[in-house]
Amino acid sequence: MSKNRYEIKFVLNELEYHEAKCFLKIIKAFNSFPERNVNSVYFDTLEFKSVKDNISGIAERKKVRLRWYEKAEFSPVIEIKNRFSRLGSKNNFKIKFLTPENLNSLSSREVSKKIFKNIRDENRENSFFYNYYLPVLGVSYDREYYETKEGLRITIDKKISFKPITLDRSVKFHKKIKYEKRVMELKFPVELKDHVNELIRNLNLTPKRHSKYLVGLSKIGYANYV
């Protein structure tokens, strides 16, 4: 499991995106990784527990997603995103048998069965995986990566798009629905809290709760989310 960290999000229009880029220059953030395309499939229980917990504002909650990168050599991973108030952490489980080609050729139902059988077999003591999870939403975006010498990490996600997932089709089947906003996220360990608060004091942007999962479900008509 990754260490607990604070995560602060900003939802940006075109003008605010340029404001954010100026902020990165002021704090002397540098490119920490080349820009790349990120793909995710979000899973939920039959009762949509992740959706209900998020909308209800439950402080301690979890979210399950499959993540992979275009033109990357390493395998997709299942990520369990753990959230307690504003602190977040992740558990990663590599899915070594799965490739982007499999995702294009297999149905979402087949992919899900293979993934969770593999994880349950290798993590029998973890009762979390004995829930039944269905693939619900596909998300794709381009991500910019930045970092400061103090250890503050910043990502900016752009060209975000969503698509519904159909069990008897591959994850690539449906047409993408575009989302025009960009999302900047500041990620930092607990010990940098005061330092980051000082940095963003003069930033003319307002932090906002934002979930790509809930926004995407709203865009495809599965949920109401502002």
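The values are calculated or read from the model by the stated rules, or taken from the named source; none is laboratory data. From a predicted model like this one, the values you see are computed outputs, not experimental measurements. Note that we place each Cβ from the backbone using ideal geometry, even for glycine, and neighbour counts take in every protein chain shown. Ligands, DNA and RNA are stripped out before the accessible areas are found, and what is left, the full protein with its side chains, is counted by its heavy atoms. Shrake-Rupley method; radii C 1.70, N 1.55, O 1.52, S 1.80 Å.
Return yes when PHE116 is part of a helix (DSSP H, G or I) and open to solvent by less than 20 Å² (accessible area, probe 1.4 Å) and no when it is not. So PHE116 passes the test.
Cβ-Cβ contacts under 7 Å between residues 6 or more apart (or on different chains), taken from a first residue in segment 165-194 that is modelled with pLDDT under 95 to a second residue that is of a type in the set (S, T, N, Q) and open to solvent by 50 Å² or more (accessible area, probe 1.4 Å), are listed as SER170/ASN104; SER170/SER105; LYS172/ASN104; VAL190/ASN4.
Filter segment 201-226 down to the residues that are in contact with a helix residue (DSSP H, G or I) (Cβ under 7 Å, 6 or more places away or on another chain) and surrounded by fewer than 16 Cβ atoms within 10 Å (Cβ to Cβ) and list them by number. If the condition is that a residue be in contact with a helix residue (DSSP H, G or I) (Cβ under 7 Å, 6 or more places away or on another chain) and surrounded by fewer than 16 Cβ atoms within 10 Å (Cβ to Cβ), then ASN204, LEU205, ASN224 are the ones that fit. Just one of the listed residues (LYS62, LYS28, LYS52) is of a type outside the set (A, V, I, L, M) and modelled with pLDDT of 90 or more, and it is LYS28. When we screen ASN37, ASN31, ASN13 for residues that are surrounded by 14 or more Cβ atoms within 10 Å (Cβ to Cβ) and under 21 Å from the mean Cα position of the chain (by Cα), the only hit is ASN37. Report whether or not LYS62 is open to solvent by less than 80 Å² (accessible area, probe 1.4 Å), outside any helix (DSSP H, G or I) and basic (Lys, Arg). Here the answer is no, as LYS62 does not meet what is asked.
Residue under question is ARG67, and the condition is that it be modelled with pLDDT of 85 or more, charged (D, E, K, R) and open to solvent by less than 90 Å² (accessible area, probe 1.4 Å); does it hold? Here the answer is yes, as ARG67 does meet what is asked.
Taken over segment 137-174, the criterion of being open to solvent by 10 Å² or more (accessible area, probe 1.4 Å) and either in contact with a Pro (Cβ under 6 Å, 6 or more places away or on another chain) or of a type in the set (A, V, I, L, M, F, W, C) (or both) is satisfied by ILE165, LEU167, VAL171, PHE173, HIS174. Selection of segment 178-192 for residues being exposed (fewer than 15 other Cβ atoms within 10 Å of the Cβ) and over 19 Å from GLY88 (Cβ atoms) yields LYS178, GLU180. Of SER105, SER112, all but one fail to be touching a residue at least 40 places away in the same chain (Cβ under 8 Å) and either out of contact with any strand residue (DSSP E or B) (no Cβ under 6 Å at 6 or more places or on another chain) or hydrophobic (A, V, I, L, M, F, W, C) (or both); the exception is SER105.
Scanning segment 19-59 for residues that are more than 22 Å from GLU191 (Cβ to Cβ), assigned to a strand (DSSP E or B) and not polar (S, T, N, Q) gives PHE33, PRO34, GLU35, ARG36, VAL38, VAL41, TYR42, PHE43, ASP44. Restricting to segment 2-18, name every residue that is assigned to a helix (DSSP H, G or I) and touching a residue at least 24 places away in the same chain (Cβ under 8 Å). If the condition is that a residue be assigned to a helix (DSSP H, G or I) and touching a residue at least 24 places away in the same chain (Cβ under 8 Å), then GLU16, TYR17 are the ones that fit. One residue stands out in segment 74-105 among those that are assigned to a strand (DSSP E or B) and among the basic types (Lys, Arg): the one that is most open to solvent (accessible area, probe 1.4 Å), namely LYS94.
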